[in-house]
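The structure appears right after this line, and notes come after that.
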Amino acid sequence: MRQQMVLGSFIFGQSRGFAYSSLVRKSGGGWVSLEIFTSKPKSSQTGQGLQGLTISGKSMRAIAMTRLDELRALQALRVPLPLVDGIGRNWGLWRIDSVSESQSYVIDDGTAMVNDWVIELTEFINA
């Protein structure tokens, strides 16, 4: 079974009807600017910042609603989760900061035919 990524026990991929179409990875260099009254700001190094991931996609029908509920259940555990990509690379531990969705084409029983969703993750380092 092919998969894009696994977060804890949650699998992103076509095989589960919940593949992502975009992944944005952000890492800061730890630089801040300190304002100086009489000159240009001074650059200062505060240490490497935590990485962030924004994973987004579009999924269809009730399966998308079920998968989003699974992600929210993982989020409710309030524990860091291992993240492993489809080629087996371990990305370390990550926390789920937010799960958001936008439902459209909702039919009469409340099922959304289209769900646009975004998952925000932040690297977890506690050493």
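List of remarks:
- Among residues other than E120 with Cβ under 11 Å from its Cβ, the summed charge is +1 (Lys and Arg +1, Asp and Glu -1).
- FRET efficiency, V106 to N126 (Cβ-Cβ, R0 35 Å, nearest 0.05): 0.30
- Using alpha-carbon coordinates, inclination of helix 61-76 to the longest axis of the chain, degrees: 40
- Of the trypsin sites (Lys or Arg not before Pro) found in region 73-120, the ones in coil according to DSSP and having at most 11 other Cβ atoms within 10 Å of their Cβ are R78, R89.
- Alpha carbon centroid spacing (whole Å) that separates region 69-127 from region 2-31: 9
- log10 of Debye I(q)/I(0), alpha-carbon scatterers only, for region 22-127 at 0.18, 0.23 Å⁻¹: -0.94, -1.24
- Positive minus negative residues near L50 (Lys, Arg vs Asp, Glu; Cβ under 15 Å): 0
A short reminder: the numbers here are calculations on the coordinates, not readings from a lab. For clarity, every value in this text was computed on a predicted model and none was experimentally measured. Counting neighbours? That spans all protein chains shown, and the Cβs are built from the backbone with ideal geometry, glycine included.
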